Amino acid sequence: MKLLKECYAPVATLIRTLTLWSGAFVFVLNLAGCLQPYQRLPQTHAPQPDSLHVAVVADTVAPAELPVEIPSKPDTLLPEALPSEDKIVAQFKDNRVSVLIKVNSAEGRNAALGDRILYDPATWSTISPTLTRTDSGDFVEVPFALLNYEYKRKALLQVFPANVENEEGWMHVVHYKGETLWAIAETYTGDGRNYTAVEKENNLAPHTPLSRGQRLRIPTSLLAKSLRNTSFPEFVALPQDTAAVPVRSTRSAERPVSRDPALKFRKIGGEWFGVYKLQRGEALYSAVVVRFTGRVDADEVNQIARQLMRLNGIRDETAIPAGTAIRIPLRLVDEALLADGEEEPGPHLQRRPGKLHVILDAGHGGNDPGTMMRGWREADLAFDLMRRLQRELEPAGVVVHPLVGSRANAATSNGGSDKRHNYVLVTPPYFIEDSRVALNLRINLIDAIYERLLRSGVPKANILLISIHLDHLHPAVNGAMVYYPGARERIESYGAWWDGVYDKYAESRNRTISYAARDNHEAEAASEDFARSLIASFRRARLPVHTYEPIRQYVYRGGRKWTPGIIRYSRVPTSVLLEAANLANSGDLMNMRSHQFRQRFVAAVAQAIVKGK
């Protein structure tokens, strides 16, 4: 042992000496590197779904005599082989979206750049963006929260490629390990504390861990203003809309008149209120908010209920005595209940001899599942209802024109065991990847079919459009609802020519849809008549129907009203959107899970269609 120690001592001394000299050598090299001119940043690979970090590789083009320094902040690096035309590079780091934006030579890091990329350009003065130079150009890192809609959307779709944006908000698909509800709420709503609202919206138990592939719905009502897309054809603000609640400017001048005799109007303190006396067994949510304000979205029903409780001095909504007079500000009353300013009804269409043609649509599809509840997808149920309805109608001599199919071949769109529609049946078929593109293609396909039928001699009164959906509303709301387009809601023309993506499809190429005032009034009357026929058929079949207002011209949601684009931009005189059920209502969900119920439902729809033949 003593001999071993004596042999080891000189070796240990030699190792320590070499270590000290090597450290000094590395220090000198690093110092030399600091004195060298600017070097290119090392290139990186894009982050993989299972990693929160960016893998860094050495730049093989750097001078051989200098070591390549690995930066300590990988989130400031760019993915490898960034195309020169890319304007934005987004990465996922530390549960946040990191964004680099390419600087145009004309704007530099000046306020002009802020005007282009920020939701509020005035916030440019509050940040000091650091310039990152690469072979692909100059980039600046900008906080995600400050970006405008266009750049937020680009960043989200880069970082979360499976995400889907639709008329109801965003469907976030968990893509990385370690994602948290707090971070997701912060990204989409601007405040991580909204994670409880996201939990509630998705029926999650508190502090439920997330798993890759899990889908989370973030509704428009929760989105940060800078992430709300107001360009959706479904989100079309009508002329009388305001930022908060749609109000007609003439309301306060004269005494309002209610179509519902149970609602009386009184002027209190210079302001008009609707007053309703609560009946025994009625709830504030359904008997007052849903019935008299027209709101059915869960968040808005709850929000308005809280406002009414404060206004009426109600502490416990579950213990309101029967006979209590509930005051509702006129600005919150559904315009459909007001009898003032009504226009003369348009001319009514009469069906002519000959075959009946029905253009059938099932909402969502492809990458867009629509509403989801306990494993049931709106897209799947809507497609099932569409196929069942097609099989009911064709033996009765009705010609059906489906807008969507499970396969690219239109001839097999109604085939066998396919449970999901993936394509809009334009030419060539479009896989439903982007819900906005899919909607615009549907609108143009409807117009192409309608135009072709008119040229072949089919009377316009013999052509119908039905788009089938299922809703996600307040749980107290149940039953079917039907939406139809009002004459005042159509603009003079519509065209999906602003984006080159539509040039590929024959039905969209150079197509502009124009509307005449007389046709709009005719369409409103015909569509409302058919909507009433549908509701009457449901009632005869003893199927659930929305209690208070099953026939509507517009949707109240997100503090505004809008008409679904697929019927608003349709030239087909008889056009309706059918909300078959509210999947957030336990009874409706149980019904829709039954194929026997779905068959009864489409049989009632078919009866309403063929009875006018």
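Side notes on the structure shown:
- Tally, over region 198-225, of residues that are assigned to a helix (DSSP H, G or I) and of a type outside the set (A, V, I, L, M): 4
- Residue-level check: of (1) more than 27 Å from the chain's Cα centre (by Cα); (2) of a type outside the set (D, E, K, R); (3) closer than 30 Å to Ala604 by Cα, Ala516 misses just (3).
- Index of the failed condition, Ser286 passing every other in (1) out of contact with any helix residue (DSSP H, G or I) (no Cβ under 8 Å at 6 or more places or on another chain); (2) in a loop (DSSP other than H, G, I, E, B): (2)
- Test for Pro369: is it touching a strand residue (DSSP E or B) at 6+ places or on another chain (Cβ under 9 Å), of a type outside the set (D, E, K, R), surrounded by fewer than 23 Cβ atoms within 10 Å (Cβ to Cβ) and not assigned by TED's automatic domain parsing to the domain that holds Tyr548: no
- Failed item in (1) crowded, with 22+ Cβ neighbours inside 10 Å; (2) within 16 Å of Phe273 (Cβ to Cβ); (3) in contact with a strand residue (DSSP E or B) (Cβ under 7 Å, 6 or more places away or on another chain), with Asn312 passing the rest: (1)
- The set of residues from region 431-471 being of a type in the set (Phe, Trp, Tyr) and at pLDDT 95 or above comprises just one member, Tyr450.
- Restricting attention to region 141-168, the residues that are part of a strand (DSSP E or B) and touching a Leu at 6+ places or on another chain (Cβ under 6 Å) total 1.
- Residue satisfying all of: in region 558-588; under 24 Å from the mean Cα position of the chain (by Cα) and surrounded by fewer than 19 Cβ atoms within 10 Å (Cβ to Cβ); farthest from Leu360 (Cα to Cα) among these: Gly559
- Scanning region 381-393 for residues that are touching a residue at least 40 places away in the same chain (Cβ under 8 Å) and in contact with a strand residue (DSSP E or B) (Cβ under 9 Å, 6 or more places away or on another chain) gives Leu381, Ala382, Asp384, Leu385, Met386, Leu389, Leu393.
- Where Met590 falls short, out of the listed (1) farther than 18 Å from Arg490 by Cβ; (2) touching a residue at least 24 places away in the same chain (Cβ under 8 Å): (2)
- Selection status of Ser128, at pLDDT 90 or above and more than 21 Å from the chain's Cα centre (by Cα): no
- Taken as a whole, region 145-168 holds no residue that is free of Cβ contacts under 8 Å to residues at least 60 places away in the same chain and touching a Lys or Arg at 6+ places or on another chain (Cβ under 8 Å).
- The residue of region 111-127 that is surrounded by the most Cβ atoms within 10 Å (Cβ to Cβ), among those that are part of a helix (DSSP H, G or I) and of a type in the set (A, V, I, L, M), is Ile117.
The rows are residues; the columns are (1) without any contact (Cβ under 8 Å) to a residue 12 or more places away in the chain; (2) closer than 30 Å to Asp529 by Cα; (3) outside the structural domain of Glu199 (by TED's automatic domain parsing); (4) of a type in the set (Val, Ile, Thr).
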residue	(1), (2), (3), (4)
Tyr285	no, yes, yes, no
Val296	no, yes, yes, yes
Glu300	no, yes, yes, no
Arg306	yes, no, yes, no
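- Extreme residue, surrounded by the fewest Cβ atoms within 10 Å (Cβ to Cβ), among residues of region 372-393 that are among the hydrophobic types (A, V, I, L, M, F, W, C) and not in a helix (DSSP H, G or I): Trp376
- Residue within region 287-308 that is aliphatic (A, V, I, L, M) and farther than 18 Å from Val477 by Cα present: yes
- Against the conditions (1) among the polar types (S, T, N, Q); (2) farther than 30 Å from Val602 by Cα; (3) more than 32 Å from the chain's Cα centre (by Cα), Gln307 satisfies every one except (3).
- Of all residues in region 194-229, those being hydrophobic (A, V, I, L, M, F, W, C), surrounded by 19 or more Cβ atoms within 10 Å (Cβ to Cβ) and touching a Leu at 6+ places or on another chain (Cβ under 7 Å) number 1.
- A search for C-beta distances below 6 Å between a residue of region 339-359 that is of a type in the set (Gly, Ala, Ser) and surrounded by fewer than 19 Cβ atoms within 10 Å (Cβ to Cβ) and any residue that is in a loop (DSSP other than H, G, I, E, B) and modelled with pLDDT of 60 or more, counting only pairs 6+ apart in sequence or on different chains, returns Ala339/Val257; Ala339/Arg259.
Yes or no, residue by residue, for (1) outside the structural domain of Val477 (by TED's automatic domain parsing); (2) part of a loop (DSSP other than H, G, I, E, B); (3) farther than 22 Å from Tyr484 by Cβ:
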site: Ile567; (1), (2), (3): no, no, no
site: Glu579; (1), (2), (3): no, no, no
site: Ala584; (1), (2), (3): no, yes, yes
site: Asp588; (1), (2), (3): no, no, no
site: Gln599; (1), (2), (3): no, no, yes
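- Selected residue (criterion: farthest from Thr220 (Cα to Cα)) from residues of region 166-206 that are of a type in the set (D, E, K, R) and modelled with pLDDT of 85 or more: Lys177
- The condition of being assigned by TED's automatic domain parsing to the domain that holds Asn462, charged (D, E, K, R), in a helix (DSSP H, G or I) and in contact with a strand residue (DSSP E or B) (Cβ under 9 Å, 6 or more places away or on another chain) holds for only one of Arg518, Arg539, that being Arg539.
The values are calculated or read from the model by the stated rules, or taken from the named source; none is laboratory data. As the structure is a computational prediction, the values presented were derived from the model and not from experiment. Glycine gets a Cβ as well: all are built from the backbone with ideal geometry, and neighbour counts include every protein chain shown.
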